[in-house]
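Here is the structure we will look at, set down as structure tokens.
The values are calculated or read from the model by the stated rules, or taken from the named source; none is laboratory data. Only a predicted model underlies this, so the values are computations on that prediction, with no experimental measurement involved. Note that we place each Cβ from the backbone using ideal geometry, even for glycine, and neighbour counts take in every protein chain shown.
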Amino acid sequence: MKKYLMLILFLIGTNIAVAQEKFSYNQNGLTPVYLINKVDSLSQTELFEKSLEWVKKNYKNPNEVIKATILNKMIRIEGLTPKWICIESLGTTFCSDALYTIEFEFKEGRYKFEVFSLTFVSQNGNYKVNLSNGKDYYRKNGKLKQFTKDTPQAISDLFNRLNEELNNYILGKDKSDKDW
């Protein structure tokens, strides 16, 4: 009986740990490469439709943002977050926008949120972020460089926020249409 109880507790703990997984950007780059979000109550078609609604609702020009779709299987978008990260230097604030490409794939009761690219867009030009290696932001001793100390957390936060917003919309937790 003890063995079964321990097995059940282990499985419950494992499911909770998987459900709480988030993106993290560090010296090794962005990990994990993608997240699987479980939504057991919805079919593949419903997940696709809800995700498409979310894109149309949250982006100013959704037809320009949507780069590819395969009906009920996949949506790829290229989005822009303005003034995503700002750095103060010599009394002046410099801000960069985030231009990113993400893709959603759908199966029964779950969808995959995958990050393909991220580019800093600023007046001084564009800089493509290496998602598989974050060493540009760290010193050899493993500490963050002063000038870019907020960047790894900002990268993690950007993709975690987008994933959470999409998931909340799919689950009906989006409050923006309530009580108007």
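Couple of notes before you dig in:
- Flag for SER132 being more than 20 Å from PHE48 (Cα to Cα), of a type outside the set (A, V, I, L, M), in contact with a strand residue (DSSP E or B) (Cβ under 7 Å, 6 or more places away or on another chain) and in contact (Cβ under 8 Å) with a residue 60 or more places away in the chain: yes
- Scan of segment 98-129 for residues that are touching a strand residue (DSSP E or B) at 6+ places or on another chain (Cβ under 8 Å) and charged (D, E, K, R), ordered by number: GLU103, GLU105, ARG110, LYS112, GLU114, LYS128
- Apart from one condition, VAL33 fits all of (1) more than 16 Å from LYS112 (Cβ to Cβ); (2) modelled with pLDDT under 95; the exception is (1).
- Total residues in segment 110-146 satisfying the condition of being under 17 Å from PHE159 (Cα atoms) and not in a strand (DSSP E or B): the figure is 6.
- Count of residues meeting criterion [more than 10 Å from SER122 (Cα to Cα), out of contact with any helix residue (DSSP H, G or I) (no Cβ under 7 Å at 6 or more places or on another chain) and either of a type in the set (D, E, K, R) or surrounded by 10 or more Cβ atoms within 10 Å (Cβ to Cβ) (or both)] in segment 82-99: 4
- Considering (1) in a helix (DSSP H, G or I); (2) buried (at least 18 other Cβ atoms within 10 Å of the Cβ); (3) not hydroxyl-bearing (Ser, Thr, Tyr), the lone condition that GLN153 does not fulfil carries the number (2).
- Close pairs (6 angstrom Cβ cut-off, 6 or more residues apart or separate chains): farther than 30 Å from GLN44 by Cα and without any contact (Cβ under 8 Å) to a residue 60 or more places away in the chain in segment 91-109, among the hydrophobic types (A, V, I, L, M, F, W, C) and assigned to a strand (DSSP E or B) anywhere: THR93/CYS86; PHE94/ILE87; CYS95/CYS86; SER96/ILE85; SER96/PHE120; ASP97/LEU80; ASP97/TRP84; ASP97/VAL121
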